[in-house]
Amino acid sequence: MTTGRLPAALAEPAEPVGRGWTAALSLANGAIWVGWFGPLQILLASQAKDLAPGTGMSKETLLAWVTGTGAVVSLLANPLFGALSDRTTARAGRRTPWIVSGAAGGALALLLLAGAGGPWSMALGWCLVQFTLNAAFAAVTAAVPDRVPRRQRGAVGGWLGAAQILGVVGGTGLATAAGGVRAGYAACAACTLAGVLPYVVRYRDLRLPRGNRPPWSWRGFLASFWLSPRRHPDLGWAWLTRFLINLSNSLVLLYLLYYLRDRVHYPDPGRGVLILTAVNGVTLLATVVIGGVWSDRLGRRKPFVVWSGALMALATAALSGWQTWPGAVVAAAVLGVGFGVFTSVDFALMTDVLPHALDRAKDLGVINVANALPQAAAPALAAPLVAYAGGYRVLYLVAAGIGVAGAVLVGRIRGVD
């Protein structure tokens, strides 16, 4: 099917998507986040605690090393698979083959990670999880600018954000309730694979005709990953805003289990992480769709990003100065309110500043580096802060300052109101 001279896969979408399509894509998105955050919130920390003795590393250092290495893989994998899906001319479409193969590969990688017997196999398993699940994630996010008109992207972004936090909560819950590390990984693997099936089975993807696929060369392929901030300044500022706010959020989450045990002295820190994640999820769900729909109706994005970033920074600062269990609960709730609005509206803002229809998934992959790079940067920044520069109090103050910087810099974006 074509629209004018362009095939439908490259045309600017005009027809609104239905609730069923949005629900199925959101379920697939949430399933991918289960595969990421069951390990990140619970399972990797438990493995690091068990494997660190005898390695010469503390559990904090081992966890930082493994998650940081995986984040580097994610940095490369997301734009790579996005670019490959942009050039895919399969009968099943550009995105569906990568959603299927990425979810299946991610489930298998989670099962391999469950059997890790040392630091190296743990790191390798987590890198495989990041590599495969990013193939699916790049394709899922690219489906939005492929199919959703601009006036509807805040709402769809809100539902995707709701699914994301449900994936975080669900992954944490599965990892906690399964009764062990191996069972937790198996539960996350099954959920990840099952969650993508309704979308890929029920909804047909847009196919790219072979004649519209750009000529292939390694030099041109690699050069396409550089999006010049000078030529595309709005995209550059939008990327930096997302990076800083996600870095602040990553600093909060990285040592949360250890923070509850060592500073708050919560008797069951694993259960505490689950409770805080649930509290955060409830308040996020209360705002993520509303924020996206509201920004669609007003036709404005930047004010929502500014105030949500500022609110998140305030909650992060509270973790520094109010190191008690009630303080952690309040901070989790406020963070959820801010991150809910940020998640939906920032996603819509990113799709609004994409420069080329032919490279939507690759460009979104480059933008998604702003999600993955904080996972690599956070351990490198957090470990010395906790160990040598004042502990968790300084860590969360630094995180709050980074969040404020991200909220302020969104004002530099000129092409979106």
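The values are calculated or read from the model by the stated rules, or taken from the named source; none is laboratory data. Please read all numbers here as calculations on a predicted model, not as lab measurements. Here Cβ is always computed from backbone atoms with ideal geometry, including for glycine, and neighbour counts include all displayed protein chains. Accessible surface areas use protein heavy atoms only, side chains included; no ligands, DNA or RNA. Shrake-Rupley method; radii C 1.70, N 1.55, O 1.52, S 1.80 Å.
Data table
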read-out: Which listed residue is open to solvent by less than 10 Å² (accessible area, probe 1.4 Å), under 23 Å from W239 (Cβ atoms) and touching a residue at least 60 places away in the same chain (Cβ under 8 Å), from A31, A9, A71; value: A71
read-out: Conditions (1) in a helix (DSSP H, G or I); (2) of a type in the set (K, R); (3) at pLDDT below 80: number failed by R242; value: (3)
read-out: Only one of T88, T132 that is at pLDDT 85 or above, polar (S, T, N, Q) and not in a helix (DSSP H, G or I); value: T88
read-out: Selected residue [more than 15 Å from V404 (Cβ to Cβ), modelled with pLDDT of 85 or more and not aliphatic (A, V, I, L, M)] from G321, G340, G336; value: G336
read-out: Unmet requirement for W325, which otherwise passes all of (1) in contact with a helix residue (DSSP H, G or I) (Cβ under 6 Å, 6 or more places away or on another chain); (2) farther than 15 Å from R153 by Cβ; (3) touching a residue at least 60 places away in the same chain (Cβ under 8 Å); value: (1)
read-out: Failed item in (1) open to solvent by 60 Å² or more (accessible area, probe 1.4 Å); (2) more than 30 Å from A399 (Cβ to Cβ); (3) not in a helix (DSSP H, G or I), with P214 passing the rest; value: (1)
read-out: Pairs, first free of Cβ contacts under 8 Å to residues at least 12 places away in the same chain in segment 331-344, second open to solvent by 30 Å² or more (accessible area, probe 1.4 Å), C-beta under 8 Å, six or more apart; value: none
read-out: Test: residue in segment 143-158 that is hydrophobic (A, V, I, L, M, F, W, C), closer than 19 Å to N78 by Cα, modelled with pLDDT under 90 and within 14 Å of the chain's Cα centre (by Cα); value: no
read-out: In segment 244-274, the residues that are open to solvent by less than 30 Å² (accessible area, probe 1.4 Å) and aromatic (F, W, Y); value: Y255, Y258, Y259
read-out: Failed item in (1) closer than 18 Å to G106 by Cα; (2) open to solvent by less than 10 Å² (accessible area, probe 1.4 Å); (3) modelled with pLDDT under 85, with Q164 passing the rest; value: (2)
read-out: Hits in segment 148-161 - residues which are open to solvent by 20 Å² or more (accessible area, probe 1.4 Å) and under 16 Å from D363 (Cβ atoms); value: R150
read-out: Residue check, V289 surrounded by fewer than 24 Cβ atoms within 10 Å (Cβ to Cβ) and touching a Phe, Trp or Tyr at 6+ places or on another chain (Cβ under 8 Å); value: yes
read-out: Residue that is modelled with the lowest pLDDT [pool: residues in segment 373-417 that are open to solvent by less than 50 Å² (accessible area, probe 1.4 Å) and in a loop (DSSP other than H, G, I, E, B)]; value: V416
read-out: A348 being out of contact with any strand residue (DSSP E or B) (no Cβ under 7 Å at 6 or more places or on another chain) and under 21 Å from A400 (Cβ atoms); value: no
read-out: Residue check for G321: within 27 Å of T69 (Cβ to Cβ) and either in contact with a Pro (Cβ under 7 Å, 6 or more places away or on another chain) or not basic (K, R) (or both); value: no
read-out: A177 hydrophobic (A, V, I, L, M, F, W, C), open to solvent by 30 Å² or more (accessible area, probe 1.4 Å) and either more than 15 Å from the chain's Cα centre (by Cα) or closer than 27 Å to Q47 by Cβ (or both); value: yes
read-out: Selected residue (criterion: least open to solvent (accessible area, probe 1.4 Å)) from residues of segment 180-211 that are in contact with a Ser or Thr (Cβ under 8 Å, 6 or more places away or on another chain) and under 12 Å from I42 (Cα atoms); value: G184
